[in-house]
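For reference, the structure discussed in these notes is given below.
The values are calculated or read from the model by the stated rules, or taken from the named source; none is laboratory data. All figures in this text were calculated on a predicted structure; none of them were measured in a lab. In this analysis, Cβ positions are derived from the backbone assuming ideal geometry, glycine residues included, and neighbour counts consider all displayed protein chains.
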Protein chains: 2
Amino acid sequence: MIRPLLAVAALACAVPLAAQDDGAPIAIGKQGSFAVGGRIVVNDEGATQSCGHGYVEYQIPAYPRDNKLFFWHSSSPFVWQNNWEGDEGFQSLFLRRGYTTFLWDGPGVGRANWGCEEQSYSPSAGRDQQNFTSWRLGPDWLDWFDGIQFPTDNAFAINQAMRARYNEFDTMDAIRIEAEAAAEAFDQVDGAIAVTSSAGGLRALLAATQSDNVRAIIAYENPGYLFPEGEGPDGPDTPFGPLHVSEEEFARLLAIPMQFVWGDNIEGHAIWRSKLEECRQFVDLVNARGGKAEILLLPEVGLTGNTHMPFADLNHRDVARLMDDFLARHGLDSR
Amino acid sequence: MIRPLLAVAALACAVPLAAQDDGAPIAIGKQGSFAVGGRIVVNDEGATQSCGHGYVEYQIPAYPRDNKLFFWHSSSPFVWQNNWEGDEGFQSLFLRRGYTTFLWDGPGVGRANWGCEEQSYSPSAGRDQQNFTSWRLGPDWLDWFDGIQFPTDNAFAINQAMRARYNEFDTMDAIRIEAEAAAEAFDQVDGAIAVTSSAGGLRALLAATQSDNVRAIIAYENPGYLFPEGEGPDGPDTPFGPLHVSEEEFARLLAIPMQFVWGDNIEGHAIWRSKLEECRQFVDLVNARGGKAEILLLPEVGLTGNTHMPFADLNHRDVARLMDDFLARHGLDSR
């Protein structure tokens, strides 16, 4: 296993921990990026293209905790880097807490779009409206939910949110390629906790069936779940779940703590309501087999108005504190 | 002009400047990202897609200098984030010096590939070999130049270098769209210095004809130049230069300091030799009209073995010190 990029000697703590509070500077020990996984395609003349890798952007705080957080978006890392009004996002909030952070562009995605497969993209009017409703900002375009955790009168923020997207490829092939490269990334960094948004969740579950170095999964509004053959909801496998795996692969999920977090206003949205139902089936199945899965419904613990991306909402610091609780409960916050 | 993301009150200097030396933590006041520019496409039903923006990743050090650096890649920001052996790249080196840094993915590129135009991509064996020779790592695939500033016996580094690529679109349309969005970015952040790699240089020159907020240009191995109509090399306009602009647009380039930096082993490479010649024509023309352009040939100041990307080479700290000199000479390093 090649790990030169993270084989940095532990840095002396030159900055007191108190300096990591909000408002003080964030102390970064080292930062950079690396490619992971991928293939090399070769033609008849022996000429090559190195392609199909993922891209990992990393930041190691000055005095890091033992565990690292692997942020897996499904729209753009914008949503991990900022909240909706431009306040610092989970990336910075958890660096302040001492966690090494990774932002992940899977193979074919964003800064890793040097793929081994052909790709095409066409713009399509209607995507703004689709984002608005599927991210549950409101029931219809610019008709905001009451109490939504979004700065609804901030035209700059609305524009930024609609542009917090780039190409994702929700095909079975793409999901498998992304999960495989991510599994290599988790191995290469000696383990990390997957923190996922939306469709990143299914990919992280799949990666966890291929690597023992996924230490935990915290999935915000994951639509798709894995089930052992013969279990789970009826219907065929789809890129948004369900996906069926072998009993042996499924067993790997029983060893790690998993939390599935959901925002507000789900009852009125048929798709998300059914996805939450699928989540319950999965969690029940995992726990019936001795696993450690749980569901966190934010309205039930007093946080209301959260969208499909609670970590980017106006109350994202409250959401972060709930993540702290989960990490502490499972002993994942050690230094 | 909307500038909420950078309208952060100047942070108290909680970390002494000495802490910004190599090895000490980097003190970040704020970091995040934002979209800039772009359009909104609308269909007959009024449905929309917000698209065609660029993506800016920013880091503001705790005690920033007045000027900000806008890093414009032509392969992947990997080369600004790391040197070839995984040491920290110009992004971090110049944060340590107190400069706010931006990493730019122009419209259609990397994390900004939510374009308003159709795009397609096909893998193509031979790209590794093309990178190797056009980046002047050696005359032929894995036949390294003597004294090259690359860790030639490091298989991990070679693999990373070949994967430091993602889709660029070197068409006239793409260049104009990227330059236009970048000009908006320079305006939005109240001015910055463009630091460019390869084909990013032509785009930055074009952006500087459209914005008074490009404070300077430092271009590493830029293949393409702007000329007033009727001037410059013979032949048609191409995406790798030359490009012709109006006298009025060209005049904007006369107001800003510009440095064009070149590595080693150019004489034996016909294309780069002719591009350096075009650079000389441009610099002479700018200076004949009262501008402030200069060429820096690294071998002439004692740095040998540099590739097409001197800022990512093994001696990148020496290259950075030459950038310090340029910034200081033009009074661009004030706090």
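For the stretch B:124-144, the set of residues classified as buried (at least 18 other Cβ atoms within 10 Å of the Cβ) and of a type outside the set (A, V, I, L, M) consists of B:Arg127, B:Asp128, B:Gln129, B:Asn131, B:Phe132, B:Trp135, B:Arg136, B:Gly138, listed by residue number.
Across the stretch B:213-238, what is the total count of residues that are within 30 Å of B:Gly331 (Cα to Cα) and out of contact with any strand residue (DSSP E or B) (no Cβ under 9 Å at 6 or more places or on another chain)? Walk me through how you get there before you give the answer.
Looking only at the stretch B:213-238, we keep the residues that are within 30 Å of B:Gly331 (Cα to Cα), and these are B:213-228.
From what is left, the residues that are out of contact with any strand residue (DSSP E or B) (no Cβ under 9 Å at 6 or more places or on another chain) are B:223.
The number of residues fulfilling the criteria is 1.
Out of all the residues in the stretch A:185-198, is one or more surrounded by fewer than 24 Cβ atoms within 10 Å (Cβ to Cβ) and touching a Gly at 6+ places or on another chain (Cβ under 6 Å)? Within the stretch A:185-198 (the criterion being surrounded by fewer than 24 Cβ atoms within 10 Å (Cβ to Cβ) and touching a Gly at 6+ places or on another chain (Cβ under 6 Å)), the answer is no, since none of the residues qualifies.
Do we find that A:Ile40 is within 20 Å of the chain's Cα centre (by Cα), assigned to a strand (DSSP E or B) and β-branched (Val, Ile, Thr) in this structure?
On the way: within 20 Å of the chain's Cα centre (by Cα): no; assigned to a strand (DSSP E or B): yes; β-branched (Val, Ile, Thr): yes.
No; evaluated as a whole, the condition is false for this residue.
Scanning the stretch B:100-122 turns up at least one residue that is modelled with pLDDT of 95 or more, surrounded by fewer than 17 Cβ atoms within 10 Å (Cβ to Cβ) and farther than 26 Å from B:Glu180 by Cα. Output the residue which, of all residues in the stretch A:250-300 that are at negative phi and of a type in the set (S, T, N, Q), is surrounded by the most Cβ atoms within 10 Å (Cβ to Cβ). Looking at residues that are at negative phi and of a type in the set (S, T, N, Q), I get A:Gln259. Within the stretch B:286-306, does at least one residue satisfy the condition of being touching a residue at least 40 places away in the same chain (Cβ under 8 Å) and under 16 Å from B:Ser197 (Cα atoms)? Yes, the stretch B:286-306 contains at least one residue that is touching a residue at least 40 places away in the same chain (Cβ under 8 Å) and under 16 Å from B:Ser197 (Cα atoms).
Among the residues making up the stretch B:48-58, those that are surrounded by 22 or more Cβ atoms within 10 Å (Cβ to Cβ), within 7 Å of another protein chain (Cβ to nearest Cβ) and part of a strand (DSSP E or B) are B:Gln49, B:Ser50, B:Cys51.
State which residue is farthest from B:Trp104 (Cα to Cα) when the search covers only the stretch B:59-71 and only residues that are surrounded by 24 or more Cβ atoms within 10 Å (Cβ to Cβ) and within 9 Å of another protein chain (Cβ to nearest Cβ). Residue satisfying both the conditions and the ranking: B:Ala62. Filtering the stretch B:1-47 to residues that are more than 7 Å from chain A (Cβ to nearest Cβ), closer than 27 Å to A:Tyr166 by Cβ and modelled with pLDDT of 60 or more leaves B:Val36, B:Gly37, B:Arg39, B:Ile40, B:Asp44, B:Glu45, B:Gly46.
The rows are residues; the columns are (1) of a type outside the set (Ser, Thr, Tyr); (2) more than 28 Å from A:Phe326 (Cα to Cα); (3) surrounded by fewer than 22 Cβ atoms within 10 Å (Cβ to Cβ).
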{"site": "A:Ala164", "(1), (2), (3)": "yes, no, no"}
{"site": "A:Ala181", "(1), (2), (3)": "yes, no, no"}
{"site": "A:Asp237", "(1), (2), (3)": "yes, yes, yes"}
{"site": "A:Val245", "(1), (2), (3)": "yes, no, yes"}
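Within the stretch A:162-195, work out how many residues are within 24 Å of B:Ser50 (Cβ to Cβ) and away from chain B (no Cβ under 14 Å). Within the stretch A:162-195, residues that are within 24 Å of B:Ser50 (Cβ to Cβ) and away from chain B (no Cβ under 14 Å) number 1.
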